[in-house]
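The values are calculated or read from the model by the stated rules, or taken from the named source; none is laboratory data. Model, not experiment: these values are computed from the prediction. We place every Cβ from the backbone using ideal geometry, glycine too, and count neighbours over all the protein chains shown. The area values use the complete protein model at the heavy-atom level, side chains included, leaving out ligands, DNA and RNA. Shrake-Rupley method; radii C 1.70, N 1.55, O 1.52, S 1.80 Å.
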Amino acid sequence: MSDFIENQVQSLLAGQALEPDDTHNVHVLADDTAGAKSGQLTSYIPVCLKTVTYIVAAVVINDQGEMLMIQEAKASCNGKWYLPAGRVEKNEDLLSAVKREVLEETGLVLAPTTLILVECANGTWFRFVFTGDIVGGTLKTPDQANEESLQACWVRNINDLPLRSNDIIYLLERGKSYVLNKTVSQHPHLMPVIKPHSKLLLRLTVTSKKRATNRLHVLLSDTEQYELPICEINPNRSLLSTLHSFMTEIFGNDVAQHKPHGLLSVEFSSGQGGDGLCLTLLVSFKLPLEDVPIIGKYIWHELSENVAGTLEARLPRNMTVPLKVVR
């Protein structure tokens with residue numbers, strides 16, 4: 001069991017999908033089932049472009065510190081400026097989607113290098129923000145305007161432009177922090193991996209140190225096959241609400257102070273076996289595990305020093321991909 005868990009944690013720290021499949025024991029939150037009418041939650045199926053919306057966006061910064069922007073062609077925002085972005089199409093993976101959107105809207109070929117941010121609103125809208133390098137193509141000029149965009153430009157100061165929406169300001173600041181700020185440590189490159197999921201899932205990597213030994217432990221489901229806790233994301237609630245309910249069911253209403261850090265992995269179906277996804281969120285307790293009582297069917301597992309050290313290195317600020325809940 002110990003080797004299996006160690007391998008699971010190491011896979012997550014490398015941004016990989018967990019194998020074998022660990023989603024046969026998905027937890028459905030009690031307050032979800034109690035409030036659901038006729039199995040409203042458990043009958044929810046994410047269907048791309050119908051019951052769930054996936055967006056990709058690219059924050060690309062060149063050697064001069066300029067940001068790649070596009071001028072919108074849509075009637076609702078004609079002439080306004082925005083990041084290269086758009087909806088993921090049915091059966092499309094996230095990398096193909098962001099490369100397609102950048103090419104269509106800017107004329108440039110993007111080689112994505114990492115996710116820098118994942119946003120979610122309610123439980124059915126997700127935006128995956130990438131950065132990367134331009135490896136080809138020609139910047140779209142006004143005489144190449146089409147229904148995708150009017151033109152693309154490298155821009156130093158976005159305050160000079162009328163924006164379609166201010167929601168991209170945070171994305172641009174996040175991109176500049178990751179790409180240009182060389183003085184602070186940043187999370188390793190993280191790319192989404194393709195893995196079939198028929199539901200929207202939240203997997204937790206919950207850590208705490210044992211006071212008696214000062215050794216790092218990770219929380220496991222106490223089931224036939226020990227695995228990291230995983231639950232279904234309620235499509236009708238904020239993801240933070242889902243997280244709070246899950247932590248409360250594990251640790252009780254008086255759950256000790258804990259910190260959600262960010263994402264260790266993103267598994268995306270790309271239409272294979274459904275249109276679902278699984279986000280793995282790193283969470284830590286400040287208190288030692290002796291002071292964090294468990295009321296659900298879960299146990300603490302002590303990690304080896306090697307794996308514990310690698311996991312602890314991801315706890316400081318900026319060492320995981322931020323998960324931002326849009327209200």
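Observations, loosely collected:
- Whether a residue is open to solvent by 60 Å² or more (accessible area, probe 1.4 Å), in contact (Cβ under 8 Å) with a residue 60 or more places away in the chain and in contact with a helix residue (DSSP H, G or I) (Cβ under 7 Å, 6 or more places away or on another chain) was assessed, and Arg156 does not pass this test.
- Test: residue in the stretch 206-225 that is under 26 Å from Leu83 (Cβ atoms), touching a residue at least 40 places away in the same chain (Cβ under 8 Å) and touching a helix residue (DSSP H, G or I) at 6+ places or on another chain (Cβ under 7 Å): no
- Members of the stretch 202-213 found to be surrounded by 22 or more Cβ atoms within 10 Å (Cβ to Cβ) and either closer than 21 Å to Thr53 by Cβ or among the hydroxyl-bearing types (Ser, Thr, Tyr) (or both), listed by number: Leu202, Thr205, Thr207, Ser208
- Only one entry in Thr106, Thr138, Thr131 is farther than 20 Å from Val193 by Cα and under 27 Å from the mean Cα position of the chain (by Cα), namely Thr106.
- Within the stretch 125-144, being in contact with a strand residue (DSSP E or B) (Cβ under 8 Å, 6 or more places away or on another chain), open to solvent by 40 Å² or more (accessible area, probe 1.4 Å) and not in a loop (DSSP other than H, G, I, E, B) holds for Trp125, Asp133, Ile134, Val135, Gly137, Pro142, Gln144.
- Residue count for the stretch 183-199, restricted to those that are open to solvent by less than 30 Å² (accessible area, probe 1.4 Å) and without any contact (Cβ under 8 Å) to a residue 40 or more places away in the chain: 0
- Criterion (in a loop (DSSP other than H, G, I, E, B), open to solvent by 70 Å² or more (accessible area, probe 1.4 Å) and outside the structural domain of Thr310 (by the TED database)) met by exactly one of Glu224, Glu147: Glu147
- Qualifying residue in the stretch 140-149 (condition: in contact with a helix residue (DSSP H, G or I) (Cβ under 9 Å, 6 or more places away or on another chain) and aliphatic (A, V, I, L, M)): no
- Of the residues making up the stretch 70-116, just one is under 19 Å from Ala145 (Cα atoms), in contact with a Ser or Thr (Cβ under 6 Å, 6 or more places away or on another chain) and of a type in the set (Val, Ile, Thr), namely Ile70.
- Of all residues in the stretch 68-97, those being among the hydrophobic types (A, V, I, L, M, F, W, C) and either touching a Phe, Trp or Tyr at 6+ places or on another chain (Cβ under 7 Å) or not assigned by the TED database to the domain that holds Gln144 (or both) number 5.
To keep it simple, each residue is scored yes or no on (1) modelled with pLDDT of 95 or more; (2) in the same structural domain as Ala97 (by the TED database); (3) out of contact with any strand residue (DSSP E or B) (no Cβ under 8 Å at 6 or more places or on another chain); (4) within 18 Å of Pro188 (Cα to Cα).
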position	(1), (2), (3), (4)
Leu277	yes, no, no, no
Thr280	yes, no, no, yes
Ser284	yes, no, no, no
Pro288	yes, no, no, no
Trp300	yes, no, no, no
Ser304	yes, no, yes, no
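- Screening the stretch 75-86 for residues that are touching a helix residue (DSSP H, G or I) at 6+ places or on another chain (Cβ under 8 Å) and not aliphatic (A, V, I, L, M) and picking the one that is surrounded by the most Cβ atoms within 10 Å (Cβ to Cβ) gives Pro84.
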